[in-house]
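Notes follow the structure.
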Amino acid sequence: MSGHEQFADDLALYALDALAGEERVSLEQHLAGCTSCHSELQRLRGDMALLALSAGGPRPPQRARQRLLNAIAKEPRLSVRAAKPQAWWAVVPWVIAAAAMVMVVLLIRHDGELEKTVRALEQQVAQQDVEVQQARDVVATFTAPEAQQVTLVAAKTPPQPQGKTFYLQDKGRLIFLANNLPPLPPEKIYELWLIPKTGAPIAAGLFRPDAHGSATVVNPPLPTGVEAKTFAVTLEPGSGPHDAPRGSAVMAGTGE
C-alpha cells in the first residue's frame with residue numbers, strides 16, 4: 001500500500017476534526033510533506049462547507065456533493081471504531097446549525113441598527129417641524145395686521161435705549177427687540193413686563209444684551225387674551241424670573 005493509499009481513509013475524518021490519537025499524529029506528519037494529500041484535504045473541507053450551506057443557501061455543485069459522498073463511502077473505520085464520532089452525518093447538522101445561528105445574529109444586529117437609524121431620523125424630522133412652526137409663528141407675529149406695536153424709549157440723552165414689541169393679544173405671542181442697552185451691572189439682568197389694563201404686571205422674559213447693546217425676546221410664555229396697557233423693562237436681580245417688578249425702570253412705552 002502506497003503512502004497516499006495508507007492515509008486516504010483518514011483524510012475525511014481529519015477534515016471533520018474527528019481523527020485522534022496516533023493516527024492523527026501520523027497523518028499530520030504525512031501532510032507536512034505530501035502536497036497531494038494536503039490538496040485533497042483542502043478539497044474535502046471545501047466540499048463539506050458547500051454541503052452545509054446547501055441546507056439554507058445556494059445549491060452546491062453536484063460534483064462537489066458526489067466527491068464528498070464518495071469519500072464517506074470509502075471510510076471503512078466508521079463501522080468499527082467506537083472511539084471516533086458516530087458518523088459524518090452526526091457532524092453536518094451542527095455545521096448547519098452554527099451557520100444558521102451566525103446568520104440570525106447578523107440579522108438581529110442589522111435590524112437593531114436600522115431601528116436606531118429610523119428613530120434618529122424621526123427625531124430630526126420632529127425637531128425640524130418644531131423649528132419650522134416657530135419660524136412661522138415669528139413671521140406671523142411680525143406681519144399680522146392686528147399685532148399691537150409698542151415702542152419703548154428711555155428718558156435719558158442719546159444713545160437712548162430703545163425697544164419695540166409686537167404683541168398678538170388673542171394668541172399670547174410677543175416679540176421684543178431692543179438696542180442701545182447699557183451693559184448689565186454684576187448679578188443683574190433685564191426683565192420685560194406686560195402691564196395689563198387691569199391687574200398686576202406679567203413677567204414677559206429675562207434677557208441680556210450683546211456687546212452692541214442689542215437684545216431680543218421671542219414668544220415668552222404668556223396667557224392669551226390679556227389686553228396690554230403698556231410694556232416696560234426693569235433692571236432686576238439675576239436670580240429671576242420675578243413675580244413683580246422690584247428693580248429700577250429702564251424704559252417703558254404705550255401702544256401705537
Some residue of the stretch 131-138 being small (G, A, S) and buried (at least 16 other Cβ atoms within 10 Å of the Cβ): no
Only listed residue being farther than 14 Å from P220 by Cβ, in the same structural domain as E236 (by TED's automatic domain parsing) and assigned to a strand (DSSP E or B), chosen from L184, L194, L174, L152: L152
Residue count, the stretch 207-221 (criterion: in contact with a Pro (Cβ under 9 Å, 6 or more places away or on another chain), surrounded by fewer than 18 Cβ atoms within 10 Å (Cβ to Cβ) and part of a strand (DSSP E or B)): 0
Per-region count, the stretch 147-188, residues modelled with pLDDT under 90 and in contact with a helix residue (DSSP H, G or I) (Cβ under 7 Å, 6 or more places away or on another chain): 1
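The values are calculated or read from the model by the stated rules, or taken from the named source; none is laboratory data. Please read all numbers here as calculations on a predicted model, not as lab measurements. Ideal geometry is used to build each Cβ from the backbone, glycine not excepted, and the neighbour counts take in all protein chains shown.
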